[in-house]
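Participant: My structure is below; once you've seen it, I'll send some questions.
The values are calculated or read from the model by the stated rules, or taken from the named source; none is laboratory data. Because the structure is a prediction, the values reported are computed rather than measured. For neighbour counting, all protein chains shown are included, and Cβ atoms are generated from backbone atoms with ideal geometry for every residue, glycine included. Remember, those area values only see protein heavy atoms, side chains included, never the ligands or the DNA or RNA. Shrake-Rupley method; radii C 1.70, N 1.55, O 1.52, S 1.80 Å.
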Amino acid sequence: MSYDYVIELRDLNRHYTMGEETVKALDGVNLEIKRGEYVSIVGPSGSGKTTLFNLIGGLDKPTGGSVFIDGVDIAQLDAYELAWLRCRKIGYIFQSFNLIQVLTALENVALPTVFAGVPREEGLRKAQHILESVGLGTRVHHRPSELSAGQQQRVAIARALANDPSIILADEPTGNLDLNTGMEIIDLLHGLNKTKGLTLVAATHDLKMIKASDRIVWMRDGQIERIERG
């Protein structure tokens, strides 16, 4: 293992049993992602990209093989250790935003800092600063229902940044957005990748996101079909 890589996948498998049939959602995947790299994971529905995303993020456990984050095999962590890693090292962005509707933008972004044990006032100050940095300084007290889809995704991005993660995992982050708004979100993510040195891994169908990537990992039938430079 090399510590030049923030993510390393070794012979990664995820199999599901459906009746008498075994479905190989992932089948022997090997991949190394460098610190600060922007990687897009691409493939048709059922190719395994979302399963791969969930395993990298510690949201699921492999049937076999290993996922290393900063040299640590996360499958060997107990529930507390895994929760600590997810809280502090990884930020998640989802296609459906996953915002809490009764909370304001400020409260949504500050929520991860609560789980990290940050004092409330400090967390709110940090959330305010992050929302300003993603262009939502005048919308901090609005609830999700009062925001456009693009604004909601910016809140979701701000929330992903709340605990200063080294890795951002984005699952179809432009999937629910129109063309122009999608481009704004891609530019925002690309800028964060370059200015903050964040490692960005995106599962996507969006050709615009693919073009902005350093590398594109093409998947089919649970395996890596090919890897291309962006």
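Participant: Does region 35-49 contain at least one residue that is in contact (Cβ under 8 Å) with a residue 12 or more places away in the chain, part of a loop (DSSP other than H, G, I, E, B) and basic (Lys, Arg)?
Facilitator: There is at least one residue in region 35-49 that is in contact (Cβ under 8 Å) with a residue 12 or more places away in the chain, part of a loop (DSSP other than H, G, I, E, B) and basic (Lys, Arg).
Participant: Take region 30-77 and flag every residue that is over 15 Å from residue 8 (Cα atoms), within 13 Å of the chain's Cα centre (by Cα) and open to solvent by 20 Å² or more (accessible area, probe 1.4 Å).
Facilitator: Within region 30-77, 50, 51, 59 meet the criteria.
Participant: Need at least 2 residues that are open to solvent by 30 Å² or more (accessible area, probe 1.4 Å) per element, so show me which strands (runs of 3 or more DSSP E) inside region 167-230 make the cut, counting only ones lying wholly within it.
Facilitator: The qualifying strands (runs of 3 or more DSSP E) are 215-220, 223-229.
Participant: Right, residue 166: polar (S, T, N, Q) and out of contact with any helix residue (DSSP H, G or I) (no Cβ under 6 Å at 6 or more places or on another chain) or not?
Facilitator: In short, no.
Participant: Just one of (1) under 16 Å from residue 90 (Cα atoms); (2) out of contact with any Leu (no Cβ under 8 Å at 6 or more places or on another chain); (3) without any contact (Cβ under 8 Å) to a residue 40 or more places away in the chain trips up residue 160, so point out which.
Facilitator: (3)
Participant: Still on this structure, I have one more. Scan region 140-166 residue by residue and report those that are charged (D, E, K, R) and either at positive phi or crowded, with 20+ Cβ neighbours inside 10 Å (or both).
Facilitator: Hits for region 140-166 are 154, 159, 164.
Participant: Would you please list the contacts, defined by Cβ atoms under 7 Å and residues six or more apart or on different chains, that run from a residue in region 66-88 that is in a strand (DSSP E or B) to a residue that is of a type outside the set (S, T, N, Q) and at pLDDT below 90?
Facilitator: Filtered contacts from region 66-88: 66/75; 67/75; 68/1.
Participant: Same structure, new question: Do you know which residues across region 97-118 are polar (S, T, N, Q) and open to solvent by less than 70 Å² (accessible area, probe 1.4 Å)?
Facilitator: 104, 108, 113
Participant: Scan region 170-191 and report the pairs whose first residue is touching a residue at least 60 places away in the same chain (Cβ under 8 Å) and whose second residue is open to solvent by 30 Å² or more (accessible area, probe 1.4 Å) and aromatic (Phe, Trp, Tyr), with Cβ atoms within less than 9 Å and a gap of 6+ or a chain change.
Facilitator: Between residues of region 170-191 that are touching a residue at least 60 places away in the same chain (Cβ under 8 Å) and residues that are open to solvent by 30 Å² or more (accessible area, probe 1.4 Å) and aromatic (Phe, Trp, Tyr), the close pairs are 170/92; 170/94; 171/92; 171/94; 172/94; 173/94.
Participant: Identify the single condition in (1) in a loop (DSSP other than H, G, I, E, B); (2) over 20 Å from the mean Cα position of the chain (by Cα); (3) among the polar types (S, T, N, Q) that residue 128 does not satisfy, given that it satisfies every other one.
Facilitator: The number of the failed condition is (1).
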